[in-house]
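Here it is, the structure in full.
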């Protein structure tokens with residue numbers, strides 16, 4: 001089969017590989033729609049998780065099952081399914097501990113395009129099919145459905161870890177697709193004032209659509225200073241980090257109130273450490289919590305998020321801004337995520 005792969009750091013290209021086969025609990029899926037992610041950019045062009053050779057990229061897909069193992073009970077060839085970016089090994093001790101994302105090792109629930117071929121191939125393998133696949137309803141468009149697999153679950157996890165209370169003030173740093181879903185999640189959790197921190201006009205418009213009450217443009221000056229001015233020096237109850245660089249953690253800790261929570265779902269792809277401002281952290285005694293987590297995956301998570309889309313709690317149609325038709329456009333879509341033109345939120349390739 002053909003696939004679009006990371007050949008080495010800073011190098012991508014089309015390769016041929018043997019079609020995967022299904023174990024007794026697994027499925028083989030052909031993609032119907034895929035979307036490249038900023039994580040792919042961190043992986044390839046920053047070497048964020050180390051060198052990878054001839055590894056097919058991609059972890060966001062919806063598809064059609066072509067083969068299932070003999071122990072798969074709930075799915076069959078021909079079923080159209082949503083495949084989460086995170087596909088844990090559900091027979092692991094970490095699952096019993098409540099952290100399925102880290103089944104059999106830190107971040108090891110993230111398999112596609114980490115240590116296993118991803119979804120940018122003509123076929124791809126899904127482990128534990130009964131636990132990791134969800135049926136795709138006919139009335140969800142493919143380009144919206146693929147947003148559930150990573151962008152929606154990641155952004156919502158940012159809101160979940162932030163433990164937002166009714167009326168909380170929330171700042172979301174980065175209003176790409178993940179940040180936009182963090183805004184939507186914060187609104188659903190009952191946030192009062194929501195600050196969206198970003199600059200691209202298409203993202204600003206979408207942030208307002210999803211629930212941002214205020215926009216802070218980092219091009220207009222230091223974001224901490226702007227937040228403090230807008231809150232009369234008090235800061236915010238919660239900060240969700242959905243973008244930014246190595247300095248962002250310090251900014252988040254500085255703008256959150258004592259007793260507040262900083263929730264990180266950003267993939268920090270560069271640097272050996274993240275700076276923590278001692279005084280802004282109250283010399284370690286400000287009761288400012290810092291939480292970070294890989295997004296939940298698995299079947300139940302996908303089914304619950306699908307319900308939010310079906311019952312019109314969340315409209316994902318604002319996220320895909322560039323839709324291509326044809327497998328051959330995967331490379332072009334990936335480069336869009338690398339270059340991030342002003343009119344881009346997410347590209348999708350329909351196959």
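The values are calculated or read from the model by the stated rules, or taken from the named source; none is laboratory data. Note that the structure is a prediction, hence the values are computed from the model and not measured. Cβ sites come from the backbone with ideal geometry, for glycine too, and all protein chains shown count toward neighbours.
Scan 97, 108 and give me the residue that is more than 22 Å from residue 147 (Cβ to Cβ), surrounded by fewer than 24 Cβ atoms within 10 Å (Cβ to Cβ), in contact with a helix residue (DSSP H, G or I) (Cβ under 7 Å, 6 or more places away or on another chain) and modelled with pLDDT of 95 or more. Before you say what the answer is, go through the steps one by one.
Values: 97 fails: in contact with a helix residue (DSSP H, G or I) (Cβ under 7 Å, 6 or more places away or on another chain).
Within the list 97, 108, the selection yields 108.
Additional query: Take residue 177 and decide whether it is surrounded by 24 or more Cβ atoms within 10 Å (Cβ to Cβ), under 17 Å from residue 252 (Cβ atoms), in contact with a strand residue (DSSP E or B) (Cβ under 9 Å, 6 or more places away or on another chain) and not assigned by TED's automatic domain parsing to the domain that holds residue 67.
Taking the combined requirement at face value, the residue does not satisfy it.
So for segment 45-54 (the condition being at pLDDT 95 or above and buried (at least 18 other Cβ atoms within 10 Å of the Cβ)), does at least one residue qualify?
No, every residue in segment 45-54 fails to be at pLDDT 95 or above and buried (at least 18 other Cβ atoms within 10 Å of the Cβ).
Say we look at segment 87-103 and pick out the residues that are in a helix (DSSP H, G or I) and without any contact (Cβ under 8 Å) to a residue 40 or more places away in the chain; which of these is nearest to residue 136 (Cα to Cα)?
Our first condition is that a residue be in a helix (DSSP H, G or I); within segment 87-103, this holds for 93-96, 100-102.
If we keep only those that are without any contact (Cβ under 8 Å) to a residue 40 or more places away in the chain as well, we get 93-96.
Values: 93: 29, 94: 28, 95: 25, 96: 28 Å.
Within segment 87-103, the match that is nearest to residue 136 (Cα to Cα) is 95.
Quick one: in segment 122-138, which of the residues that are closer than 13 Å to residue 310 by Cα and touching a helix residue (DSSP H, G or I) at 6+ places or on another chain (Cβ under 7 Å) is surrounded by the fewest Cβ atoms within 10 Å (Cβ to Cβ)? Break it down stepwise before answering.
To start, the set of residues in segment 122-138 that are closer than 13 Å to residue 310 by Cα comprises 135-138.
Next, only the ones that are touching a helix residue (DSSP H, G or I) at 6+ places or on another chain (Cβ under 7 Å) stay: 136-137.
Numbers: 136: 23, 137: 13.
The selected residue is 137.
Exactly one of these conditions fails for residue 118: (1) assigned by TED's automatic domain parsing to the domain that holds residue 66; (2) over 23 Å from residue 18 (Cα atoms). Give me its number.
Only one criterion in (1) assigned by TED's automatic domain parsing to the domain that holds residue 66; (2) over 23 Å from residue 18 (Cα atoms) is unmet by residue 118, namely (2).
Right, another one. Of the numbered conditions (1) under 18 Å from residue 172 (Cβ atoms); (2) assigned by TED's automatic domain parsing to the domain that holds residue 182; (3) in contact (Cβ under 8 Å) with a residue 60 or more places away in the chain, residue 270 fails exactly one; give the number of that condition.
(1)
Look through segment 199-217, keep the residues that are on the phi < 0 side of the Ramachandran plot, touching a helix residue (DSSP H, G or I) at 6+ places or on another chain (Cβ under 6 Å) and part of a loop (DSSP other than H, G, I, E, B), and return whichever of them is surrounded by the most Cβ atoms within 10 Å (Cβ to Cβ).
Selected residue: 212.
Here's a follow-up. Hey, residue 290 hits all of (1) in a loop (DSSP other than H, G, I, E, B); (2) under 20 Å from residue 228 (Cβ atoms) but one; which does it fall short on?
Failing condition for residue 290: (1).
Which one of the conditions (1) without any contact (Cβ under 8 Å) to a residue 12 or more places away in the chain; (2) touching a helix residue (DSSP H, G or I) at 6+ places or on another chain (Cβ under 8 Å); (3) surrounded by 13 or more Cβ atoms within 10 Å (Cβ to Cβ) does residue 278 fail to meet, given that it meets all the rest?
Only one criterion is unmet by residue 278, namely (3).
Just checking, which of 9, 15 is within 22 Å of the chain's Cα centre (by Cα), without any contact (Cβ under 8 Å) to a residue 60 or more places away in the chain and surrounded by fewer than 24 Cβ atoms within 10 Å (Cβ to Cβ)? Reasoning before the result, please.
Values: 15 fails: within 22 Å of the chain's Cα centre (by Cα).
When all the criteria are applied, what remains is 9.
Residues to consider are 185, 243, 196; find the one that is within 23 Å of the chain's Cα centre (by Cα) and in a strand (DSSP E or B).
Numbers: 185 fails: in a strand (DSSP E or B); 243 fails: in a strand (DSSP E or B).
Matching residue, one of 185, 243, 196: 196.
With respect to residue 220, determine if the residue is in contact with a strand residue (DSSP E or B) (Cβ under 6 Å, 6 or more places away or on another chain) and either outside the structural domain of residue 340 (by TED's automatic domain parsing) or surrounded by fewer than 21 Cβ atoms within 10 Å (Cβ to Cβ) (or both).
On the way: in contact with a strand residue (DSSP E or B) (Cβ under 6 Å, 6 or more places away or on another chain): no; either outside the structural domain of residue 340 (by TED's automatic domain parsing) or surrounded by fewer than 21 Cβ atoms within 10 Å (Cβ to Cβ) (or both): yes.
Here the answer is no, as residue 220 does not meet what is asked.
So, in segment 309-345, how many residues would count as being outside any loop (DSSP other than H, G, I, E, B) and in contact (Cβ under 8 Å) with a residue 40 or more places away in the chain? Full working, then the answer.
Restricting attention to segment 309-345, the residues satisfying the condition of being outside any loop (DSSP other than H, G, I, E, B) are 309-310, 316-318, 320-325, 327-339.
If we keep only those that are in contact (Cβ under 8 Å) with a residue 40 or more places away in the chain too, we end up with 309-310, 316-318, 320-321, 323, 327, 330-331, 333-334, 336-338.
Qualifying residue count for the region: 16.
Continuing with the same structure: Given 297, 260, 244, which one is over 26 Å from residue 132 (Cβ atoms), in contact (Cβ under 8 Å) with a residue 60 or more places away in the chain and buried (at least 19 other Cβ atoms within 10 Å of the Cβ)? Walk me through it before giving the result.
Details: 297 fails: over 26 Å from residue 132 (Cβ atoms); 260 fails: in contact (Cβ under 8 Å) with a residue 60 or more places away in the chain.
One residue alone meets the criteria, 244.
Going through 270, 303 one at a time, which residue ends up being assigned to a helix (DSSP H, G or I) and surrounded by fewer than 19 Cβ atoms within 10 Å (Cβ to Cβ)?
The conditions single out 303.
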